[in-house]
Structure formats: structure tokens, C-alpha cells
Amino acid sequence: RSVYDDQPNAHQRFMEKLDACIRNHDREIEKMCNFHHQGFVDAITELLKVRADAEKLKVQVTDTNRRLQDAGKEVIAQTEEIIRCRVQQQNITTVVEKLQLCLPVLEMYSKLKEQMNVKRYYSALKTMEQLENLYLPRVSQYRFCQIMIENLPKLREEIKEISMSDLKDFLESIRKHSDRIGETAMKQAQQQKSFSTALQKQNNVNYGRNMHLGRNRVLESKNEVTLKRTFEDDDEHEEEVLTAQDLVDFSPVYRCLHIYSVLGDGEIFENYYRKQRRKQARLVLQPQSSMHETVEGYRRYFSQIVGFFVVEDHILHVTQGLVTRTYTDELWNMALSKIIAVLRTHSSYCSDPDLVLELKNLIVVFADTLQGYGFPVNRLFDLLFEIRDQYNETLLKKWSGLFRDIFEADNYSPIPVANEEEYKIVISKFPFQDPELDKQSFPKKLPMSQSVPQIYIQVKEFIYASLKFSESLHRSSTEIDDMLRKSTNLLLTRTLTSCLQNLIKKPHIGLTELVQIIINTTHLEHACKYLEDFISNITNISQVTVHTARLYGLSTFK
């Protein structure tokens, strides 16, 4: 600004000075170039020399690069192969690791399927539990694992259905086999009791010695045969003692109980089992309408009931909580009330004393069998006392007919005896003693007619028949003695008296027959003391005992 503003010719002077400065600089540059020119020329010369070597080097580098590239292709290919193999190896390692996690799961699932195929359902449930709690959580991310998890509840339901089906088959099986189970149990109880009774009778010498001579030999022979057969049967079947478990396969119950317990439904199973068994109990307790006609009807009825409770007793002792003692006692009390009602009804139809006696023997075996399994049976023995009265009534009716037949067949004349042998035959049948008559020579006549020894024999037979019912009732000798005397009194005071009263009212009975009937009655009156001795000998109860009843024959005949 000072160049343009100060003086009029200032710009020109500035330009002149500037040109002078430029010329000075040019001269300095020229000097500098002149000074360095030789070095530049030398450098260019060197570069021209290097140029040829650079071209040669370029060719060599190009050739080396080409050869190196050719050689590197194989290395690159091998390197790529190595990389690929390394990736495969890593993948294989990963697969092995994953398979090591999956294989136990697959093995357990395969084991589960195998257990299902061979019906080892309880083991299958344990395997499922291990799968869910231990194995499946490790591989839960895989799709097959989800399929397994979805299938397990279905398999559980399938196991429940199959086990319940097996239980139903089992219940049907024991319903069909209950009579066989009961028959076996009753037979074993009867054999054991027969064996004990035979030993007791053999050791009790007085029992046989006090019996009537003819009857004694028969009974002793029977005892020996019974004891012998008992020993033989025990030796023969010592290793063949059958139990409920031998006759019925209880494994479905155990299996079903374990399965439902593992699944947490044990209470449901218990309620179902008890409900079904109650239904079966009601069916078993229903008798056939014709049961009272044959012994087999009663035997089958008792066998089914025994079989039912033998099974329940077995279940009670081999399972925990499926059935309880309270449950079995309640079931038994219900059954016992029904049994007693059925026996009262059906036994009232029995008019045959032999059938009543068979029924009594069956009831005793039935009671002894169930008592051996811990069930109270006192009410059954109380029922036997009711049946005993009915048995005595049937005996009285039967002996009434026998007495009528004897009276009708009698000729109402003294018994003629031609020799000693005939006399001994009569004396062996009837306790007759007359010293005056003994002094007479043969042939001679006994004062009574043929009906007297026959009546006496039949009274003794009646006592034996009454005694048969009193056996095995678990009563004392005093009670048995009292029973025999009461029943014999009924025979003398009611049955025989009625027959005699009807006899003397018949039109064909004349004075001669009446006189003979009076004589016969007198001898029967004298024979009453021998009947009392006979009863005392059977029961081993002395007549001097305070509670011993007396026969009413003396007053009756008078």
C-alpha cells in the first residue's frame, strides 16, 4: 500500500528494485546449478548403468515368481485339504462328544422298550424315572429328546392299563379257583386234625377200653387204619403240601401294587381292589338254591368261602397296606352273618340225619380251617348247637320209625333158647340177669319178647349217633355227657313212649300181648341203669358227679 500510496514514481522504482533482486537470485541459482551439475550428471550415468541390471533382475524375479507360484499350487491344495480335514476332525470330535451324551439316553430308552416288551413294567417305571431325572435333562435341546419326553406319560398310562388288565384277570382267576384253594386248605386242616385225633385216641387207653366190646373193636380198628393212613399220606405227600401261592399266581397283584405305588396312585389301587373283592365276597356268599339237597353243595359253598379268605389272608401277610386286619375282620364279620343265615335256612330243609351230620362235619372243618388263619369262629360253633337240636329231631323221627317196625315185627311171646350158644347171643345184646332161670336146663324161654333186645340195641345206636354230632365241637366231656343224656331222655320220654302208647291202642293187641308188653316194659325199665353206665363209659364221666343228669326211663316205663 505504501508503494502505491507514497510517491508518484514509487511503483516504478519498486518494480526496478524487484527486477534487480530477481536477477541477483537468478545469478545465485545459476551458480548453485553450476556447482551441482556434475553430481547430477554422475547420478544419471549411474542410473543408466543400473537400468540394464534392473531389467535383468525383473526378468529373474518374474521367472522366480512364476516358478514359486507353480510350486505353491500343490502346497495350497494340500493346505486346503489339511484345513478341510481339520474341520472334519473338529466336527467328528463334536459329534462324539454329543453322542456320548445321547447314547446313554438312547440305551436307556431302548432298555425301556425291551422291558415293556417282556412285561417288566415295574422296572420300566424305574427306567422312566432315571430318564426323566438324570439323562433327558442333559440332551433336552434335541428333537428326539422332546419326542421321548412326550412319549413317557403315554407309556405310563399304558403300563397302568396293562397292569389293571392283569389284575382283573387275576381277580377272575381266583374267583374260579377259590373253591379249589378252599378245598385244599380244608383238606389239609382235616388231615392235620385227623392225625392229631388219631394220636390222641391211641394214647388214651381208657377211651377204647371203656367202649362196648363189639363197638370197641370196630372203633379201634378204624383208629388204627386212620392213623396208618395218616402216616402214609404224610409220608407220600410230605413234599407236596400245596398253598394258595402254589395254586394261584399272585404276581399280578404285587406288580400292580408296586406300579400304582410308584405312580403315586396306591390309594386308588387299594380302593379298587377292596371294592372288587367285596363284590366277589357277595357272589361267593350267595348259595345255590339246591345246596341243601347234597353234601357236595355244602362242600362247594364252604370251599369257595375258605378259598376267598385264604387268598385275603395271603394278601394281608405278603403286601403292606393293600388289605389290613381291620378290613379282613370287617369282611369276615359280614360274611359270617351271611353264612349263619344261609346255614340256618338251608339246614332247616334237611330231614336226613346223615346229611345233617355231614353238614356238621363240614362246618367243623370249615371253622377249624379259618380259625387256623386267625378268623374268629365262635358263632359257628354256637350255630352247631342249634343244628344239633335239629339233628336230634331228625334222629328221633328216624328212630320212631325203627321202633314202630320192631313193635310190628314182634310176636309178643317169650324168647325161646334151645342151647347155651343161643342164650349167650341174647345176653350179649341185652343185659338180662335171672339166677332162677340160669338154673333151668335147655331148652328154656326168656321172659321178654324179641323186641326188648332190639329196642335196647337201637337205643345204644341212637346214643352212638348222637355222640357223632358231639364230637369235634370243642366241648368238655361233661358237656358231651349232658348232651347225650338229654337226647337219650328225649328218645325215651317222647319217641319210645309215643310208640308204646300207639302200640297198646291198636285193635289187634289183646290181653296176652298187653301182658307181654308189661313184662317187656319192666325189663326195659331195669335196663336203664345199664344205659347210664354205657353213657358214662363213653364220656368217662362218673355218675356220682354232681352235674350228671339222670335218665328218665325208670319213671317213663313205670
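The values are calculated or read from the model by the stated rules, or taken from the named source; none is laboratory data. Predicted model, so just to flag it, every value in this text is computed and none were measured. We place every Cβ from the backbone using ideal geometry, glycine too, and count neighbours over all the protein chains shown. Ligands, DNA and RNA are excluded from the accessible area calculation, which covers all protein heavy atoms including side chains. Shrake-Rupley method; radii C 1.70, N 1.55, O 1.52, S 1.80 Å.
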(message) Rg and Dmax in Å for segment 3-70, alpha carbons only: what are they?
(response) 26.9, 82
(request) Can you tell me the 0 to 90 degree angle between the C-alpha axis of helix 451-470 and the longest principal axis of the chain, rounded to 10? (result) 20 degrees
(request) Heavy atoms only, probe 1.4 Å: what % of the accessible area of segment 1-150 goes to carbon and sulfur, would you let me know? (result) 57 percent
(request) Please give the direction-averaged projected area of the C-alpha convex hull for segment 87-193, in square nanometres with one decimal. (result) 10.3 nm²
(request) Provide the three semi-axes, in whole Å and in decreasing order, of the ellipsoid equivalent to segment 272-367 as defined by the square roots of 5 times the Cα gyration tensor eigenvalues. (result) 28, 13, 10
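Solvent-accessible area per residue for segment 27-126 at a 1.4 Å probe radius, Å²?
85 Å²
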(request) Report in % the part of the accessible area of segment 429-545 that belongs to carbon and sulfur, leaving out ligands and nucleic acids; probe 1.4 Å. (result) 54 percent
(message) Give me the three principal axis extents of segment 27-126 from the C-alpha atoms, as integers in angstrom, largest value leading.
(response) 119, 36, 10
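Could you state the orientation-averaged shadow area of the convex hull built on the Cα atoms of the chain, in nm² to one decimal? Don't skip to the end; give the middle numbers.
Details: hull surface 276.8 nm².
About 69.2 nm², averaged over all directions.
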(request) Report, in degrees rounded to the nearest 10, the 0 to 90 angle that the Cα long axis of helix 251-262 makes with the longest principal axis of the chain. (result) 40 degrees
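Quick one: which of Lys424/Lys468; Lys460/Lys558; Lys193/Lys275; Lys111/Lys160; Lys360/Lys486 span more than 23 angstrom between C-alpha atoms?
Values: Lys424/Lys468 29 Å; Lys460/Lys558 21 Å; Lys193/Lys275 35 Å; Lys111/Lys160 19 Å; Lys360/Lys486 19 Å.
Correct reply: Lys424/Lys468; Lys193/Lys275.
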(message) Between helix 420-429 and the chain, what is the angle of the helix's C-alpha long axis to the longest principal axis, kept within 0 to 90° and rounded to the nearest 10?
(response) 50 degrees
(message) Quick check: net charge around Met334, other residues with Cβ under 13 Å of its Cβ, Lys/Arg +1 and Asp/Glu -1?
(response) +4
(message) Could you compute how fast segment 381-471 diffuses translationally, taking Rh as the Kirkwood radius over C-alpha pairs and applying Stokes-Einstein at 10 °C with viscosity 1.306 mPa s? Give it in µm² per second.
(response) 104 µm²/s
